[in-house]
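Trainee: Got a structure for you, questions after.
The values are calculated or read from the model by the stated rules, or taken from the named source; none is laboratory data. If you're wondering where the values come from, they're calculated on a predicted model, not measured in any experiment. With ideal geometry, Cβ positions are generated from the backbone for all residues, glycine too; neighbour counts draw on all protein chains shown. Areas reflect the complete protein model, heavy atoms only, side chains present, ligands, DNA and RNA absent. Shrake-Rupley method; radii C 1.70, N 1.55, O 1.52, S 1.80 Å.
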Amino acid sequence: MLDPAAFTCRVLAQQLADEWVEYVEVTSRRVGTATGYRQAVTLLCRFVDDTLQGGASAASLAEADPDISEVLLAWEHSLCRSGQSARPGRERSHHSSGL
């Protein structure tokens, strides 16, 4: 379960949650993998909220502004710097926060 209302970027959170559910259903992923994706969506939405701050409420996969691709790139770089993986199931550092 993922509650989009827990994020300032709730539209983006809802879109990502919908995509996550559809992907898991279509690919028949295991529960552990599905949980990893939920954690990734949660961490990404927190990053979007922190990065865009007041602009986070406008974040959407369907809108050009704010540019979510730029935020995703920044998130990926932050994961690389911290030793975390953006992909569920990948090796993690001992201080990984769930990815």
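Trainee: Accessible area of region 2-75 with a 1.4 Å probe: how many percent of it is carbon plus sulfur?
Mentor: Working: 2220 of 4290 Å².
Here it works out to 52 percent.
Trainee: At 7 Å along Cα-to-Cβ for each site, give me the label-to-label distance between D67 and Y23 in nm.
Mentor: 2.3
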